[in-house]
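Here the structure comes first, spelled out in structure tokens, and everything after it is commentary.
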Amino acid sequence: MESKPRRPRVMDVARAAGVSVATVSRAFNLPHTVRDEARDHVLDVARRLGYTPNPAAKALRLQRSGMVGAVFPTMDYGLYARMVSSFQRRMSGHGYLSVLLTVGFDNSRVFEPVRQLVDRGVEGLVVVGRIDDAKLMSYLIDKHVPTVCTYSALTHTPFPSIGYDNYVATEKVMQHLLGLGHRAFAMFSGPVKGNDRQQARQRAFRDALERAGVPGEPRIYEDTQGYSLDYAIRSFRAMRESHPEVTAVVCNSDAYGLAVMGEARRMGLRVPQDISITGFDNDDFAPLSDPPLTTISTAADRMGELAAEALFGVLDSGKPVEDVVLPSELVVRGSTGPVRSAA
């Protein structure tokens, strides 16, 4: 049986180039410390021999793992999948392996899984939303772990953020619906505990109703356990029984919006003639529904790319990460229309 050719080693390059092993090592790992002619000569010899450095050995010598962590609530939604994909693609281009951790929607309860991720050597983190856990904040700061928060435009936090203003995004939805003449609303929300995104959206919903002079307590149906479509459907049925006057439903995810729309049609309601429905995130399936779903577009791919570039910048050269506020766009489609006049 023919033996497999031995892979060239650093000492082979040193011998062929007529330099020391240390010079070869510096040419690859610390090129700025080697004269241009010597470095070019070493790299040329290495190419001819087919030598490439072992990335794991390099990371060990430099006490670098080459890994970054991506801490996301779930991969059940297309929005997060697109963010992770664009983040991972960019980090891979910079030579980093992305390790994905899903932790649910309550950012006040992620200390232990994030600690385990950091203890396993990740050099930086990208996180969805605000880190509310003081213990986790202190841990990441003490460990000097560069951390970038995404999906929210945050203030008064030790970590930079790359995202959009969830409050402003919901304001756009409410202005649209109020402009169509709606005065009876309901909101279908995900859990607010440890979830700054849902907190901001609920606050914007309440404030918009108050500014518009809409009487009564805002009707908010909050799924405290997550984003169950069954919960949205059951809650919509209950809402129709207790508040049949509602003409506009604001859903804090496209999945909720489509679930509510489907149930409304099963109950004999016409969308948008009898009831207007909005979503959030502009997932791929939002324009494919019947009618197409009015929603908020949040540029998930761009968020992932910017987070990767920011994290790489601080890891590679210590470049400070600046906050980035991305625009949110109201995408008006067929699921919203003018309120029907009373007969």
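The values are calculated or read from the model by the stated rules, or taken from the named source; none is laboratory data. These figures come from a predicted structure and were not determined experimentally. All Cβ positions, glycine included, derive from the backbone under ideal geometry; neighbour counts span all protein chains shown.
Quick look at the numbers
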{"quantity": "Residue that is farthest from Thr247 (Cα to Cα), among those in region 266-309 that are among the polar types (S, T, N, Q) and out of contact with any strand residue (DSSP E or B) (no Cβ under 9 Å at 6 or more places or on another chain)", "calculated": "Ser289"}
{"quantity": "Qualifying residue in region 141-148 (condition: in contact (Cβ under 8 Å) with a residue 40 or more places away in the chain and basic (Lys, Arg))", "calculated": "no"}
{"quantity": "Test: residue in region 149-172 that is in a loop (DSSP other than H, G, I, E, B), surrounded by fewer than 24 Cβ atoms within 10 Å (Cβ to Cβ) and basic (Lys, Arg)", "calculated": "no"}
{"quantity": "Conditions (1) outside the structural domain of Phe159 (by TED's automatic domain parsing); (2) surrounded by 15 or more Cβ atoms within 10 Å (Cβ to Cβ); number of the one not met by Pro338", "calculated": "(2)"}
{"quantity": "Sole residue being out of contact with any Asp or Glu (no Cβ under 9 Å at 6 or more places or on another chain), outside any loop (DSSP other than H, G, I, E, B) and acidic (Asp, Glu), chosen from Glu305, Glu322", "calculated": "Glu305"}
{"quantity": "Any hit, region 261-268, residues being assigned to a loop (DSSP other than H, G, I, E, B), surrounded by 15 or more Cβ atoms within 10 Å (Cβ to Cβ) and outside the structural domain of Tyr77 (by TED's automatic domain parsing)", "calculated": "no"}
{"quantity": "Filter pass, Ala204 being touching a residue at least 24 places away in the same chain (Cβ under 8 Å) and either farther than 22 Å from Val260 by Cα or not assigned by TED's automatic domain parsing to the domain that holds Val260 (or both)", "calculated": "no"}
{"quantity": "Total residues in region 312-343, condition in contact with a Gly (Cβ under 9 Å, 6 or more places away or on another chain), hydrophobic (A, V, I, L, M, F, W, C) and without any contact (Cβ under 8 Å) to a residue 24 or more places away in the chain", "calculated": "0"}
{"quantity": "Contacts under 7 angstrom Cβ, first residue in region 221-237 being of a type in the set (Asp, Glu), partner assigned to a loop (DSSP other than H, G, I, E, B), 6 or more apart", "calculated": "Glu222/Pro191; Glu222/Val192; Asp223/Gly190; Asp223/Pro191"}
{"quantity": "Set Gln198, Gln175: member being within 24 Å of Gln225 (Cβ to Cβ) and in the same structural domain as Ser228 (by TED's automatic domain parsing)", "calculated": "Gln198"}
{"quantity": "Matching residues, region 289-311, being touching a residue at least 60 places away in the same chain (Cβ under 8 Å), among the β-branched types (Val, Ile, Thr) and touching a helix residue (DSSP H, G or I) at 6+ places or on another chain (Cβ under 6 Å)", "calculated": "Ile296"}
{"quantity": "Helices (runs of 4 or more DSSP H) contained in region 37-135 and holding at least 3 residues out of contact with any helix residue (DSSP H, G or I) (no Cβ under 9 Å at 6 or more places or on another chain), within 18 Å of Gln198 (Cβ to Cβ) and modelled with pLDDT of 90 or more", "calculated": "none"}
{"quantity": "Test result for Leu306, within 21 Å of Tyr167 (Cα to Cα), modelled with pLDDT of 95 or more and either buried (at least 20 other Cβ atoms within 10 Å of the Cβ) or more than 19 Å from the chain's Cα centre (by Cα) (or both)", "calculated": "no"}
{"quantity": "Evaluation of Leu311 against (1) buried (at least 17 other Cβ atoms within 10 Å of the Cβ); (2) closer than 18 Å to Phe188 by Cβ; (3) not hydroxyl-bearing (Ser, Thr, Tyr) (one fails), failing number", "calculated": "(2)"}
